[in-house]
Structure formats: C-alpha cells, structure tokens
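A short write-up of the structure that comes next.
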Amino acid sequence: MDRSAGWARTSLPTSLPEILEYRAARPPRTAFRFLPDGTSDEAVEWTYQDLAEHAGRIAADLLDRELTGRRVVLALDPGLHYVAALFGIFRAGATAVPSFPPTGKRAVARFASIIEDCAPDVIIADTRLESRVGQFEAELPESVARPRWIFVDDAYFEETGAAADRRPPRLADPALLQYTSGSTGNPKGIVLTHDNLVSNCVTLEENMGYEPDRVGCTWLPPYHDMGLMGTLLLAVHGGWPLVLLSPAHFVQQPYRWLKALTDHKVTISVGPNFAFDLCTSSVTDEELETLDLSRLRQVFCGSEPVSRATLDRFRERFGPRGYTETSLIPCYGLAEATLYVSGKRSGTEVRTRLLDKEALERGFVRAGDPLGTDATTRIISCGAVAVGHEVLIVDPESRRPVGDGRVGEVWVHGPNVAAGYLGRPGLTAETFTARLADDARPPSGSEQTYLRTGDLGFLLDGELHITGRLKDLVVIAGRNLYPQDVEQSVRESHGKLRGTAVFSRPGEAGEELVVVAEYRGTARQLAAEGGAVLDAVIAAVTADHGVRPADVHFGPVGAIPMTTSGKVRRDATRKAYAQGTLKKLALATDDKPLSA
Ligand code: 649
C-alpha cells in the first residue's frame, strides 16, 4: 500500500506534512522507536515510509468525509498511532486538536469542555473506547453537536484505500489547536498555523545545532506543547530518530527514561524540573549501575522554574554515570508562542545568578553575597532569546519597558507567537497584540505588537531569567513574595510534605500569607506529629522569607489542584480555600489561630 506517493515537489519542502513526504520518498531511515511497555524489550520501529503510510490512511478517511479545513480531535493514547493520526490530519488539510482518551472523571470533564469549545467534526480514538461513547456523550450539554468518531487500531491502519490528493497546506492555514493546560471550566484553544509549527522547529534547531548522530527520547504527553511541538514535530522536521515511551511508564518508574537513554544511545532529551527530582529520589543504587548517560549532550529543562538545588542533586547522583551539567539546557517558552522562547546555548555552562533576595522582591536585580547566604536567591538563566524574536521586559501597569536591572512582565514578538485564542477576540487582542504606551515605542518600529506572557523576569547579559508569574505574586507589606520560593521552603521543612501552594488572603492589617501543604500520611499520623510539622513549616517560612504564615492548611496528597502538565494552580487553590472546599486533614490551624 503506497499512499505516500504524494505531492510533486517543485521547491524545498516547507510545511511539516510536506517534510514528512519528502523524507518518506528517500531511502528508509528510522523515524520513531516506541517502547510499548516502557522498556526496550518490545521496541516497535517505524521508518518515515511507515509513518507516511499510516498517516495516509487517516488522511484518506478524512478526505472521504470532506473534512479539509475542519477540526479533528485526537483522543489516542501516546504512541505511534498518535503521530500517524496527527500527520494524517495535517495531510488532509484539517486542524488537529491534540487531546487524550476521555477516561476517568477529570479527563472526561476536561475533554467535554474542549469539545464544547472547539466544536470538532470528528474525534479519532482507539477502538477500545467504542463501548464508552454513550457514557461520554451523556456528559455533553444538549446544545453541543455530537462529533463523529473514527475508531482506529492496528487493523484499521492495514486497510488500503487511495487518498484523494489535495494541495499541500498553505503556511498561513491553521494546523493545530493547542489547549492550554489551565482550568477545566475555561479552556482556551490556541490557534497555531503551519508557519508557527515550522518556525518553532527552525528556532529550536538554530539553538541545537547540527549533530550527525542525533537520537532523541521523550516520555512527555503528546497533547502538550513541549511533548508535541518540542519533540514529535521537531524530530520529523529535523530528520532524526525519536524514542518514545508513555508518560505513565515514566511516572511509575522514572528509571525507565534513563534506561532508554542508555539503551538507545540517546543524545538529546527533555523534561521539566520535577522529572529530574523524581529520578534522583527514585533510582536505586542497583539501577544506577546499569546507566550510561555519557552520550547525552543536550537535555532541555523547562516548563517550570529550574531549581539550582534540583540540578545539584541530579549531578551528584548521575555525574558518576556520565551526566555532565554542560548538557543541561534551561529553557523557557509557552504554548501561546507555539513553544520556544529562549534557551541556553549548547555547549556552554548553566549560569546561576546569586541575587539579593530583598532587592529582587522589590523588583531590582542586584548581586547577592557570592557565598550564598539566606539573603541571596539563586536564579538560573534561561539563555538567549530565540533567533528572530524580541523579548521586552515591561512594567505591566504603565506598559513601558523597565530599565536595565529591573524585573517586569516578559513580552515577546516574533514568528513563534500564535495567532490567538479560538473564538475570543477580546482576550486575543489583550494577550497577543499588546502595544507599549504611546511614549514608549520600541526602537524597531512603532506598530509592533507583543504577546504578554504573564510571566515575570529580567534580562541580564542578553539572557532571559524568569522569576515568577504575575498573577501568582504574593504582595505582603509592599514586598513581592515569589510563591515558588516559599513553596520550596515549605517542602524542604519536613520530609512528609509533598505538594504545596501559597497565596495571600485579605486580613485585618492587609494581605496575609496562607500556606497549603499536602501531607504524605494519614490524619491520625499528622495529628500525632502535628505540632512538629506545623512548627517546621512556620519556622522555615519565617526564617527564609521574613513573613510568618497567617494560616497553614494541611491536606491529603492530591488536595492541591494541578494543571494537566503538573503545574500548581494557585488561583484555584486559593478559591477552594476561600470557599472552604479544599480537602483538609484534621490539624488545620485556622481552627485555632496561630499565636504570634
Ligand atoms: C515550556 C513549555 C520551554 C510550557 C522547551 C524546548 C527530544 C528531546 C528534546 C527535544 C526534542 C526531542 O510549559 C517549554 C521550551 C524543548 C526542546 C526539546 O528538544 N508551556 S505551557 O504553555 O504549558 O506553560 C507555559 C508557562 O510555563 C512556565 C511559564 O509560566 C510559562 O508561561 N514556564 C517556566 N517558568 C519558569 N521557568 C521556566 N524555564 C519556564 N518555562 C515555562
């Protein structure tokens, strides 16, 4: 079955589906290697031809149904079928909406809200979901049109049938609708064009440079920007093989990731900060012996603050197995900019800035004590801004760029910036086409517009540093507390504390600090050691940040709302706390107010 004969090329390939066809027409090479059980024992390998053929099957189906220009939701498990369906949708000229199988209460609710928001024509799901469709559709409001389903499995992909051919997509056509991982009730779909997808790859490749023996590995969810634009699409664009394991296999046993890096001689990989901690804390001495990380030359680390302490622990544990910190690439980005905004240059050292904590809380960047006392904070540089992009640090209120050495909101201009949110012109204008104050136009042109990221940071030596999120800032007595710093103090104050979220609440004398912490144990255990845990938290926060919490709320593990990519949802936690719906273990201190 050859459905990949495809488009006659008269110029260099540009859009991703054209690039796949181009690679499929050349001598066979491995595109993907999937590890179905998370180990290398049953690895399944696909060449570009395999991928193009499987994608062709989906494309034929979509074209038969005349779905060019329509939206198609991808509700498959992570794996090869996911990639095939994605490229099939591109080839048919439809818009892919990357999602996940709607199983489990929370996933169903989120999935239903996405369907409601983007009104797709079709959902592509695994055959095993067929019996559950009725159940799922019962969750959809009456007013929402029922999409059709295409159920796929291995047998589906074996069927032949020629794809009616169509012209390649135009670069300005929408390719993908990326939902932000934010709240369930309020999904925002970011419209990405083929141009955005290609531009993101090109800017990352400029950072990564060329390596003849490049092999990638990822376990990131394919429905998030970092897993999708950062790994699957990037690998096809660049033409190097990518080893895939599922997020669940990684989380159950983080060792599998490191073992895959070892087994497949991986040179490039990626993970958020938490993944590095998970590896350090869970890999056993025996497992450690089996690892060889010496071929790993580039490991991207982004999506949440990169912690110096995390990197130190990781280096200490895995340095003896060939890991070198030069390979680590702290990077920053967001789905509204397709993905990539900045990253460390390959081959350079990770830069850690020791800064004066109090100055930073007032928005000033000042060198701290080089020996790193309690009065200093360590911020890791997220490197240089992507080629062809401009980052400005702006005062969010006056909309004027702040001076050198000041913290402000990160504004981005460039081809990675997406077109906007689907069906939300107001929010799109506010977020994607912000302008500086009239008297503060940038040197590069008066009508330039910017993406407002909502992140706080500063530029130093041309490198971007992220300090927090505007919305999450806790302002107490005129000082800006960065919640993630306070959360780190809380976590490190006691061995049984897991997730934490801090925010402020109105008090009699202004805003006061609230700490929510998940306790890994039963209510009875907490009650037994209650006083000690509470004292540890209060002592740590007071010592590290000079503010005494007005309330410490202990909840069970899982009490704190998280995004689907594992970020703390502080605002949602604050709301649940205020409404009294946040899960609580017996010892919560607002029962008996803390004495000063
Ligand atoms: C951020 C995505 C950063 C995100 C990643 C480049 C195999 C192996 C490697 C490979 C290819 C194949 O979180 C991604 C760039 C990856 C190249 C991989 O190459 N997007 S999001 O929309 O879900 O969230 C955005 C928010 O996350 C926070 C910010 O608040 C941002 O608005 N964030 C960070 N916060 C602090 N520090 C950072 N470095 C942050 N990065 C993202």
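Do we find that GLY189 is within 16 Å of the ligand (Cβ to nearest atom), buried (at least 17 other Cβ atoms within 10 Å of the Cβ), more than 20 Å from ALA419 (Cα to Cα) and at pLDDT 95 or above in this structure?
Here the answer is no, as GLY189 does not meet what is asked.
So, of the residues in region 375-388 that are in a loop (DSSP other than H, G, I, E, B) and in contact with a helix residue (DSSP H, G or I) (Cβ under 7 Å, 6 or more places away or on another chain), which turns out to be farthest from the ligand (Cβ to nearest atom)? Step through it out loud before you land on a result.
First, the residues of region 375-388 that are in a loop (DSSP other than H, G, I, E, B): 375, 381-383, 386-388.
Then keep just the ones that are in contact with a helix residue (DSSP H, G or I) (Cβ under 7 Å, 6 or more places away or on another chain); that gives 375, 386-388.
Numbers: ALA375: 22, ALA386: 9, VAL387: 14, GLY388: 16 Å.
The residue in question is ALA375.
Got a sec? Which of LEU534, LEU497 is over 28 Å from the mean Cα position of the chain (by Cα) and crowded, with 19+ Cβ neighbours inside 10 Å?
LEU534
Can you spot a residue in region 412-429 that is crowded, with 20+ Cβ neighbours inside 10 Å and part of a helix (DSSP H, G or I)?
no
Quick check on my filter: what residues within region 462-476 are touching a residue at least 40 places away in the same chain (Cβ under 8 Å) and either away from the ligand (no atom under 13 Å from the Cβ) or out of contact with any Phe, Trp or Tyr (no Cβ under 9 Å at 6 or more places or on another chain) (or both)?
Listed by number, the residues that qualify are GLY462, GLU463, LEU470, LYS471, ILE476.
Return the residue satisfying two criteria in turn: it lies in region 312-370 and is part of a loop (DSSP other than H, G, I, E, B) and modelled with pLDDT under 95, and of such residues it is surrounded by the most Cβ atoms within 10 Å (Cβ to Cβ).
GLY368
Quick one: ASP77 ticks every box in (1) outside any helix (DSSP H, G or I); (2) out of contact with any Pro (no Cβ under 8 Å at 6 or more places or on another chain); (3) surrounded by fewer than 21 Cβ atoms within 10 Å (Cβ to Cβ); (4) at pLDDT 95 or above except a single one, so which number is it?
Condition not satisfied by ASP77: (2).
Mind telling me which of the residues LEU220, LEU261 ends up being aliphatic (A, V, I, L, M), over 24 Å from LEU86 (Cβ atoms), crowded, with 21+ Cβ neighbours inside 10 Å and within 13 Å of the ligand (Cβ to nearest atom)? Give the steps one after another, and end with the answer.
Values: LEU220 fails: over 24 Å from LEU86 (Cβ atoms).
The match here is LEU261.
How many residues are part of a strand (DSSP E or B) and at pLDDT below 85 if we restrict to region 466-481?
Qualifying residue count, region 466-481: 2.
Hey, can you tell me all the residues within region 399-419 that are touching a helix residue (DSSP H, G or I) at 6+ places or on another chain (Cβ under 8 Å) and either of a type in the set (Asp, Glu) or farther than 26 Å from ASP195 by Cα (or both)?
ARG399, ARG400, PRO401, VAL407, GLU409
Could you say whether any residue in region 488-499 is within 16 Å of the ligand (Cβ to nearest atom) and outside any helix (DSSP H, G or I)?
Checking region 488-499: not a single residue is within 16 Å of the ligand (Cβ to nearest atom) and outside any helix (DSSP H, G or I).
Tell me which residues, restricted to region 47-73, are assigned to a strand (DSSP E or B) and within 26 Å of the chain's Cα centre (by Cα). Before the answer, list the steps.
Step one: list which residues in region 47-73 are assigned to a strand (DSSP E or B), which gives 47, 71-73.
Residues satisfying the conditions are ARG71, VAL72, VAL73.
Out of the residues in region 88-111 meeting the condition of being in a helix (DSSP H, G or I) and more than 23 Å from SER565 (Cα to Cα), tell me which one is farthest from the chain's Cα centre (by Cα).
ARG91
Tell me, please, whether a residue that is buried (at least 20 other Cβ atoms within 10 Å of the Cβ), among the hydroxyl-bearing types (Ser, Thr, Tyr) and either over 22 Å from the mean Cα position of the chain (by Cα) or part of a loop (DSSP other than H, G, I, E, B) (or both) can be found in region 296-303.
Yes: one or more hits.
In region 112-152, how many residues are free of Cβ contacts under 8 Å to residues at least 40 places away in the same chain and part of a loop (DSSP other than H, G, I, E, B)?
Qualifying residue count for the region: 9.
Within the bounds of region 396-411, is there any residue that is assigned to a loop (DSSP other than H, G, I, E, B) and within 16 Å of the ligand (Cβ to nearest atom)? Quick ask: steps written out before the conclusion?
First, pick out the residues of region 396-411 that are assigned to a loop (DSSP other than H, G, I, E, B): 396-400, 402-405, 407.
From the residues that got through so far, the ones that are within 16 Å of the ligand (Cβ to nearest atom) too are 396, 407.
Yes; the residues of region 396-411 include at least one that is assigned to a loop (DSSP other than H, G, I, E, B) and within 16 Å of the ligand (Cβ to nearest atom).
Which members of region 130-157 meet the condition of being surrounded by 13 or more Cβ atoms within 10 Å (Cβ to Cβ) and in contact with a helix residue (DSSP H, G or I) (Cβ under 8 Å, 6 or more places away or on another chain)?
Hits for region 130-157 are PHE136, GLU139, LEU140, VAL144, PRO147, TRP149, ILE150, PHE151, VAL152, TYR156, PHE157.
Do we find a residue being among the hydroxyl-bearing types (Ser, Thr, Tyr), touching a helix residue (DSSP H, G or I) at 6+ places or on another chain (Cβ under 8 Å) and assigned to a strand (DSSP E or B) anywhere in region 505-523?
Yes; the residues of region 505-523 include at least one that is among the hydroxyl-bearing types (Ser, Thr, Tyr), touching a helix residue (DSSP H, G or I) at 6+ places or on another chain (Cβ under 8 Å) and assigned to a strand (DSSP E or B).
Quick check on this structure: which one of LEU464, LEU460 is buried (at least 19 other Cβ atoms within 10 Å of the Cβ) and aliphatic (A, V, I, L, M)?
On the way: LEU460 fails: buried (at least 19 other Cβ atoms within 10 Å of the Cβ).
Of LEU464, LEU460, the one residue that is buried (at least 19 other Cβ atoms within 10 Å of the Cβ) and aliphatic (A, V, I, L, M) is LEU464.
Scan region 276-306 for residues that are among the small types (Gly, Ala, Ser), touching a Phe, Trp or Tyr at 6+ places or on another chain (Cβ under 9 Å) and more than 12 Å from the ligand (Cβ to nearest atom) and report the count.
2
Do you know which residues across region 7-18 are within 13 Å of PHE87 (Cα to Cα) and either of a type outside the set (A, V, I, L, M, F, W, C) or at pLDDT below 95 (or both)?
SER15, PRO17, GLU18
Return the total of residues in region 330-343 being more than 7 Å from the ligand (Cβ to nearest atom) and free of Cβ contacts under 8 Å to residues at least 60 places away in the same chain.
Final tally of qualifying residues: 0.
The values are calculated or read from the model by the stated rules, or taken from the named source; none is laboratory data. Here the structure is a predicted model, which means the values were calculated and not measured. So basically every Cβ, Gly included, is an ideal-geometry build from the backbone, and we count neighbours across all protein chains shown.
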